Amino acid sequence: MKKRLKRFYLFLQRESLLHLFAVIFTIILVSSALIAWFEPEVSFASGIWWSIVTLTTVGYGDISPATPAGRVLAVLVMFFGIGLLGMLSAGLATMLISRKMRENRGMCPSTVEDHIIICEWNHRAKAILKELRADVQTEQTPVVLVADIEEIPVDDPDLLFVRGVVCEETLERANLKKARTIIVLGDDTAEATARDAKVVLTTLTIESMNPDVYSVVELVDKKNEQHCLRANADEIIIGSELSSHLIASAASDHGISRVVTELLSSRYGNELYSMPVLAEMVGKKYLDVFIAMKTEHNITVFGIQKGRAGAFLPNPNVDYPVVAEDLLLVISKDRIKK
(Lines give C-alpha, C1' and ligand atoms only; values in the text may rest on other atoms or scores of the structure.)
Protein backbone atom coordinates (compact mmCIF):
# COMPACT_ATOMS: atom_id res chain seq x y z
CA MET A 1 0.00 0.00 0.00
CA LYS A 2 2.84 2.39 0.88
CA LYS A 3 4.52 1.67 -2.46
CA ARG A 4 1.29 2.43 -4.34
CA LEU A 5 0.81 5.71 -2.50
CA LYS A 6 4.43 6.63 -3.20
CA ARG A 7 4.01 5.84 -6.91
CA PHE A 8 0.82 7.93 -7.01
CA TYR A 9 2.62 10.82 -5.30
CA LEU A 10 5.53 10.65 -7.75
CA PHE A 11 3.07 10.45 -10.64
CA LEU A 12 1.28 13.63 -9.52
CA GLN A 13 4.64 15.34 -9.03
CA ARG A 14 5.94 14.25 -12.44
CA GLU A 15 2.81 15.41 -14.24
CA SER A 16 2.83 18.82 -12.40
CA LEU A 17 -0.57 18.06 -10.83
CA LEU A 18 0.57 18.01 -7.21
CA HIS A 19 0.48 21.79 -6.73
CA LEU A 20 -2.90 22.03 -8.47
CA PHE A 21 -4.44 19.42 -6.18
CA ALA A 22 -2.88 21.16 -3.17
CA VAL A 23 -4.53 24.47 -4.18
CA ILE A 24 -7.92 22.78 -4.69
CA PHE A 25 -7.66 21.01 -1.33
CA THR A 26 -6.71 24.27 0.42
CA ILE A 27 -9.63 26.17 -1.15
CA ILE A 28 -12.07 23.44 -0.07
CA LEU A 29 -10.84 23.53 3.53
CA VAL A 30 -10.74 27.36 3.79
CA SER A 31 -14.13 27.87 2.10
CA SER A 32 -15.67 25.13 4.30
CA ALA A 33 -14.45 26.87 7.44
CA LEU A 34 -15.61 30.31 6.22
CA ILE A 35 -19.09 29.17 5.14
CA ALA A 36 -19.56 27.49 8.53
CA TRP A 37 -18.53 30.77 10.18
CA PHE A 38 -20.69 33.02 7.96
CA GLU A 39 -23.72 30.71 8.02
CA PRO A 40 -24.60 29.57 11.56
CA GLU A 41 -26.88 26.75 10.31
CA VAL A 42 -24.10 25.15 8.23
CA SER A 43 -21.66 22.77 9.97
CA PHE A 44 -18.04 22.29 8.88
CA ALA A 45 -18.85 18.83 7.44
CA SER A 46 -21.77 20.28 5.44
CA GLY A 47 -19.45 23.13 4.44
CA ILE A 48 -17.06 20.64 2.81
CA TRP A 49 -19.95 19.22 0.75
CA TRP A 50 -21.05 22.77 -0.20
CA SER A 51 -17.47 23.76 -1.15
CA ILE A 52 -17.02 20.74 -3.45
CA VAL A 53 -20.44 21.24 -5.10
CA THR A 54 -19.81 24.97 -5.60
CA LEU A 55 -16.19 24.56 -6.71
CA THR A 56 -17.22 22.08 -9.41
CA THR A 57 -20.05 24.49 -10.41
CA VAL A 58 -22.63 21.70 -10.00
CA GLY A 59 -24.78 23.68 -7.57
CA TYR A 60 -27.37 21.22 -6.21
CA GLY A 61 -28.97 23.98 -4.12
CA ASP A 62 -29.47 21.85 -1.00
CA ILE A 63 -27.20 24.27 0.86
CA SER A 64 -27.21 27.96 -0.14
CA PRO A 65 -25.73 30.95 1.71
CA ALA A 66 -28.19 33.51 3.08
CA THR A 67 -25.78 36.13 4.44
CA PRO A 68 -24.02 38.70 2.21
CA ALA A 69 -20.59 37.39 3.30
CA GLY A 70 -21.61 33.82 2.45
CA ARG A 71 -22.82 34.86 -1.01
CA VAL A 72 -19.58 36.76 -1.73
CA LEU A 73 -17.66 33.64 -0.71
CA ALA A 74 -19.83 31.52 -3.03
CA VAL A 75 -19.09 33.83 -5.99
CA LEU A 76 -15.34 33.66 -5.31
CA VAL A 77 -15.41 29.86 -5.00
CA MET A 78 -17.35 29.60 -8.30
CA PHE A 79 -14.86 31.77 -10.19
CA PHE A 80 -11.92 29.88 -8.74
CA GLY A 81 -13.68 26.59 -9.53
CA ILE A 82 -14.08 27.42 -13.23
CA GLY A 83 -10.39 28.24 -13.58
CA LEU A 84 -9.06 25.38 -11.48
CA LEU A 85 -11.25 22.75 -13.15
CA GLY A 86 -10.18 24.06 -16.55
CA MET A 87 -6.54 23.75 -15.53
CA LEU A 88 -7.12 20.25 -14.11
CA SER A 89 -8.93 19.07 -17.27
CA ALA A 90 -6.20 20.51 -19.48
CA GLY A 91 -3.50 18.88 -17.32
CA LEU A 92 -5.16 15.46 -17.41
CA ALA A 93 -5.79 15.69 -21.18
CA THR A 94 -2.17 16.70 -21.80
CA MET A 95 -0.97 13.84 -19.61
CA LEU A 96 -3.08 11.23 -21.46
CA ILE A 97 -2.12 12.53 -24.92
CA SER A 98 1.55 12.70 -23.93
CA ARG A 99 1.46 9.13 -22.59
CA LYS A 100 -0.23 7.85 -25.76
CA MET A 101 2.36 9.61 -27.91
CA ARG A 102 5.18 8.14 -25.82
CA GLU A 103 3.67 4.65 -26.17
CA ASN A 104 3.29 5.05 -29.95
CA ARG A 105 6.91 6.18 -30.18
CA GLY A 106 8.13 3.24 -28.11
CA MET A 107 9.37 5.30 -25.18
CA CYS A 108 7.45 3.49 -22.42
CA PRO A 109 8.72 0.25 -20.82
CA SER A 110 6.49 -2.82 -21.04
CA THR A 111 4.91 -4.25 -17.88
CA VAL A 112 2.96 -7.13 -19.47
CA GLU A 113 3.74 -10.75 -18.60
CA ASP A 114 3.43 -14.11 -20.38
CA HIS A 115 3.72 -12.22 -23.67
CA ILE A 116 5.36 -12.68 -27.07
CA ILE A 117 8.26 -10.47 -28.17
CA ILE A 118 9.00 -9.81 -31.86
CA CYS A 119 12.45 -8.43 -32.65
CA GLU A 120 12.71 -6.29 -35.81
CA TRP A 121 9.88 -5.04 -38.03
CA ASN A 122 9.47 -6.00 -41.70
CA HIS A 123 6.88 -7.63 -43.95
CA ARG A 124 7.48 -10.98 -42.24
CA ALA A 125 6.83 -9.48 -38.80
CA LYS A 126 3.58 -8.02 -40.10
CA ALA A 127 2.51 -11.43 -41.45
CA ILE A 128 3.50 -13.10 -38.16
CA LEU A 129 1.35 -10.65 -36.20
CA LYS A 130 -1.62 -11.34 -38.48
CA GLU A 131 -1.21 -15.09 -37.96
CA LEU A 132 -0.98 -14.66 -34.18
CA ARG A 133 -4.21 -12.67 -34.18
CA ALA A 134 -5.96 -15.27 -36.35
CA ASP A 135 -5.09 -18.08 -33.90
CA VAL A 136 -7.57 -18.50 -31.01
CA GLN A 137 -4.66 -19.27 -28.66
CA THR A 138 -2.87 -15.98 -29.29
CA GLU A 139 -5.56 -13.62 -30.59
CA GLN A 140 -5.48 -11.60 -27.35
CA THR A 141 -1.95 -12.40 -26.20
CA PRO A 142 0.10 -9.23 -25.57
CA VAL A 143 2.82 -8.79 -28.19
CA VAL A 144 5.79 -6.47 -27.66
CA LEU A 145 7.60 -5.23 -30.76
CA VAL A 146 11.25 -4.23 -30.40
CA ALA A 147 12.43 -2.32 -33.48
CA ASP A 148 14.39 0.77 -34.46
CA ILE A 149 11.52 2.56 -36.23
CA GLU A 150 9.82 5.92 -35.64
CA GLU A 151 6.49 4.77 -34.21
CA ILE A 152 4.19 1.78 -33.75
CA PRO A 153 3.54 0.45 -37.27
CA VAL A 154 0.03 -1.06 -36.92
CA ASP A 155 -3.12 -0.40 -34.93
CA ASP A 156 -3.45 -3.34 -32.53
CA PRO A 157 -4.82 -2.88 -28.99
CA ASP A 158 -2.64 -5.71 -27.66
CA LEU A 159 0.56 -4.61 -29.42
CA LEU A 160 3.13 -2.66 -27.40
CA PHE A 161 6.18 -0.99 -28.92
CA VAL A 162 9.71 -0.53 -27.59
CA ARG A 163 11.82 1.66 -29.83
CA GLY A 164 15.52 0.97 -30.34
CA VAL A 165 17.98 -1.54 -31.71
CA VAL A 166 17.63 -5.03 -30.24
CA CYS A 167 20.01 -5.13 -27.28
CA GLU A 168 20.01 -5.88 -23.57
CA GLU A 169 18.54 -2.49 -22.68
CA THR A 170 15.57 -2.69 -25.09
CA LEU A 171 14.94 -6.35 -24.22
CA GLU A 172 14.81 -5.38 -20.56
CA ARG A 173 12.29 -2.64 -21.41
CA ALA A 174 10.28 -5.30 -23.28
CA ASN A 175 10.16 -7.28 -19.99
CA LEU A 176 11.98 -10.29 -21.45
CA LYS A 177 12.26 -11.92 -18.01
CA LYS A 178 8.47 -12.38 -17.93
CA ALA A 179 7.99 -13.27 -21.63
CA ARG A 180 6.64 -16.58 -22.89
CA THR A 181 8.14 -16.59 -26.39
CA ILE A 182 10.53 -14.40 -28.37
CA ILE A 183 10.81 -14.28 -32.16
CA VAL A 184 14.10 -13.00 -33.57
CA LEU A 185 13.90 -11.90 -37.20
CA GLY A 186 16.77 -10.91 -39.42
CA ASP A 187 17.58 -7.26 -40.11
CA ASP A 188 16.66 -6.71 -43.76
CA THR A 189 18.97 -3.70 -44.01
CA ALA A 190 22.08 -5.85 -43.39
CA GLU A 191 23.75 -8.26 -45.82
CA ALA A 192 23.24 -12.00 -45.22
CA THR A 193 26.35 -12.75 -43.13
CA ALA A 194 26.00 -9.68 -40.91
CA ARG A 195 22.28 -10.34 -40.58
CA ASP A 196 22.80 -13.89 -39.30
CA ALA A 197 25.63 -12.76 -37.00
CA LYS A 198 23.29 -10.19 -35.46
CA VAL A 199 20.64 -12.89 -34.92
CA VAL A 200 23.18 -15.17 -33.18
CA LEU A 201 24.38 -12.34 -30.89
CA THR A 202 20.79 -11.41 -30.07
CA THR A 203 20.05 -15.06 -29.22
CA LEU A 204 23.07 -15.19 -26.88
CA THR A 205 21.83 -12.03 -25.14
CA ILE A 206 18.31 -13.44 -24.80
CA GLU A 207 19.47 -16.77 -23.35
CA SER A 208 21.74 -15.01 -20.85
CA MET A 209 18.86 -12.80 -19.69
CA ASN A 210 16.12 -15.45 -19.59
CA PRO A 211 17.06 -19.07 -20.37
CA ASP A 212 13.43 -20.17 -19.85
CA VAL A 213 11.93 -18.10 -22.67
CA TYR A 214 11.16 -20.09 -25.84
CA SER A 215 13.23 -18.57 -28.66
CA VAL A 216 12.35 -18.84 -32.35
CA VAL A 217 15.06 -17.39 -34.61
CA GLU A 218 15.28 -16.74 -38.33
CA LEU A 219 18.46 -17.35 -40.34
CA VAL A 220 19.39 -16.83 -43.98
CA ASP A 221 22.25 -19.32 -44.28
CA LYS A 222 22.09 -22.89 -42.95
CA LYS A 223 25.85 -22.71 -42.22
CA ASN A 224 25.04 -20.49 -39.26
CA GLU A 225 22.58 -22.95 -37.74
CA GLN A 226 25.26 -24.47 -35.48
CA HIS A 227 26.05 -21.04 -34.04
CA CYS A 228 22.41 -20.58 -33.06
CA LEU A 229 22.30 -24.08 -31.57
CA ARG A 230 25.34 -23.22 -29.44
CA ALA A 231 23.51 -20.07 -28.38
CA ASN A 232 20.69 -22.38 -27.15
CA ALA A 233 18.01 -21.24 -29.60
CA ASP A 234 14.96 -23.44 -29.16
CA GLU A 235 13.76 -23.34 -32.76
CA ILE A 236 15.60 -22.22 -35.91
CA ILE A 237 13.86 -21.27 -39.15
CA ILE A 238 16.04 -21.04 -42.26
CA GLY A 239 13.95 -18.99 -44.66
CA SER A 240 15.87 -19.67 -47.87
CA GLU A 241 15.94 -23.42 -47.23
CA LEU A 242 12.22 -23.55 -46.47
CA SER A 243 11.40 -21.63 -49.64
CA SER A 244 13.68 -23.85 -51.73
CA HIS A 245 12.06 -27.04 -50.40
CA LEU A 246 8.61 -25.67 -51.10
CA ILE A 247 9.48 -24.57 -54.64
CA ALA A 248 11.10 -27.94 -55.44
CA SER A 249 8.06 -29.81 -54.06
CA ALA A 250 5.71 -27.61 -56.10
CA ALA A 251 7.71 -28.36 -59.24
CA SER A 252 7.32 -32.13 -58.82
CA ASP A 253 3.91 -32.20 -57.09
CA HIS A 254 1.84 -29.41 -58.57
CA GLY A 255 -0.32 -27.51 -56.08
CA ILE A 256 1.57 -28.73 -53.01
CA SER A 257 2.54 -25.15 -52.09
CA ARG A 258 -1.13 -24.22 -51.67
CA VAL A 259 -1.63 -27.18 -49.34
CA VAL A 260 1.37 -26.24 -47.19
CA THR A 261 0.34 -22.56 -47.13
CA GLU A 262 -3.16 -23.46 -45.93
CA LEU A 263 -1.81 -25.74 -43.20
CA LEU A 264 0.66 -23.16 -41.94
CA SER A 265 -1.87 -20.31 -41.88
CA SER A 266 -4.36 -19.73 -39.06
CA ARG A 267 -6.41 -17.36 -41.20
CA TYR A 268 -8.14 -19.86 -43.46
CA GLY A 269 -8.72 -23.58 -44.01
CA ASN A 270 -7.20 -26.32 -41.87
CA GLU A 271 -4.21 -25.61 -39.68
CA LEU A 272 -1.21 -27.45 -38.35
CA TYR A 273 -0.57 -27.46 -34.60
CA SER A 274 0.51 -29.53 -31.61
CA MET A 275 -1.70 -30.51 -28.69
CA PRO A 276 -1.37 -32.53 -25.46
CA VAL A 277 -2.56 -36.13 -25.42
CA LEU A 278 -6.11 -36.40 -24.12
CA ALA A 279 -6.30 -38.19 -20.77
CA GLU A 280 -8.43 -41.03 -22.13
CA MET A 281 -5.88 -41.78 -24.85
CA VAL A 282 -2.76 -42.06 -22.69
CA GLY A 283 -1.24 -45.55 -23.01
CA LYS A 284 -3.02 -46.37 -26.26
CA LYS A 285 -1.26 -47.32 -29.48
CA TYR A 286 -0.75 -44.68 -32.15
CA LEU A 287 -3.23 -46.35 -34.54
CA ASP A 288 -5.96 -46.36 -31.87
CA VAL A 289 -5.29 -42.71 -31.09
CA PHE A 290 -5.33 -41.85 -34.82
CA ILE A 291 -8.72 -43.55 -35.32
CA ALA A 292 -10.26 -42.10 -32.15
CA MET A 293 -9.14 -38.53 -32.92
CA LYS A 294 -10.43 -38.75 -36.48
CA THR A 295 -13.79 -40.33 -35.66
CA GLU A 296 -14.53 -38.37 -32.48
CA HIS A 297 -13.00 -34.96 -33.26
CA ASN A 298 -12.35 -34.99 -37.04
CA ILE A 299 -8.65 -34.39 -36.35
CA THR A 300 -5.83 -36.08 -38.28
CA VAL A 301 -2.81 -37.07 -36.17
CA PHE A 302 0.22 -37.27 -38.46
CA GLY A 303 3.04 -37.39 -35.92
CA ILE A 304 4.29 -37.32 -32.34
CA GLN A 305 6.65 -34.96 -30.59
CA LYS A 306 8.50 -36.25 -27.54
CA GLY A 307 7.78 -33.33 -25.22
CA ARG A 308 7.74 -29.61 -26.00
CA ALA A 309 11.36 -29.50 -27.22
CA GLY A 310 11.82 -33.21 -27.93
CA ALA A 311 12.33 -35.32 -31.04
CA PHE A 312 9.79 -35.30 -33.86
CA LEU A 313 8.35 -38.66 -35.00
CA PRO A 314 6.45 -38.23 -38.27
CA ASN A 315 4.10 -41.09 -39.22
CA PRO A 316 4.99 -43.33 -36.22
CA ASN A 317 4.58 -47.11 -36.26
CA VAL A 318 1.00 -48.23 -35.66
CA ASP A 319 1.96 -49.90 -32.36
CA TYR A 320 3.84 -46.89 -30.94
CA PRO A 321 2.63 -46.41 -27.31
CA VAL A 322 1.44 -42.85 -26.71
CA VAL A 323 2.44 -41.47 -23.29
CA ALA A 324 1.20 -38.46 -21.33
CA GLU A 325 4.37 -36.42 -22.01
CA ASP A 326 3.93 -36.69 -25.80
CA LEU A 327 2.45 -33.98 -28.00
CA LEU A 328 0.17 -34.90 -30.89
CA LEU A 329 0.99 -33.18 -34.18
CA VAL A 330 -2.34 -32.72 -35.89
CA ILE A 331 -4.22 -31.21 -38.83
CA SER A 332 -7.60 -29.70 -37.99
CA LYS A 333 -9.92 -26.90 -38.99
CA ASP A 334 -10.32 -25.76 -35.38
CA ARG A 335 -8.34 -26.32 -32.22
CA ILE A 336 -9.97 -28.84 -29.93
CA LYS A 337 -11.75 -27.39 -26.90
CA LYS A 338 -10.11 -28.83 -23.82
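The values are calculated or read from the model by the stated rules, or taken from the named source; none is laboratory data. Just so it is clear, the model here is predicted, and its values are computed rather than measured. Glycine gets a Cβ as well: all are built from the backbone with ideal geometry, and neighbour counts include every protein chain shown.
Scanning segment 57-74 for residues that are surrounded by 12 or more Cβ atoms within 10 Å (Cβ to Cβ), part of a loop (DSSP other than H, G, I, E, B) and touching a helix residue (DSSP H, G or I) at 6+ places or on another chain (Cβ under 6 Å) yields Thr57, Ile63, Pro65, Thr67. Residues in segment 215-274 that are of a type in the set (Asp, Glu) and under 28 Å from the mean Cα position of the chain (by Cα): Glu218, Asp234, Glu235, Glu262, Glu271.
Scanning segment 157-172 for residues that are farther than 24 Å from Ile237 by Cβ, surrounded by fewer than 19 Cβ atoms within 10 Å (Cβ to Cβ) and under 17 Å from the mean Cα position of the chain (by Cα) turns up Pro157, Glu172. Contact annotation: residue pairs with Cβ atoms under 9 Å, 6 or more positions apart or on different chains, pairing a residue in segment 283-309 that is farther than 16 Å from Lys333 by Cβ with a partner that is of a type in the set (Lys, Arg), are Ala292/Lys284. Considered as a group, the residues in segment 40-56 that are over 47 Å from the mean Cα position of the chain (by Cα) and not in a helix (DSSP H, G or I) include one that is surrounded by the most Cβ atoms within 10 Å (Cβ to Cβ), and that residue is Val42. In segment 130-156, the residue that is surrounded by the fewest Cβ atoms within 10 Å (Cβ to Cβ) out of those that are within 16 Å of Asn104 (Cβ to Cβ) and aliphatic (A, V, I, L, M) is Val154. For segment 75-116, taking the residues that are among the hydrophobic types (A, V, I, L, M, F, W, C) and not in a helix (DSSP H, G or I), the one that is modelled with the lowest pLDDT is identified as Met107.
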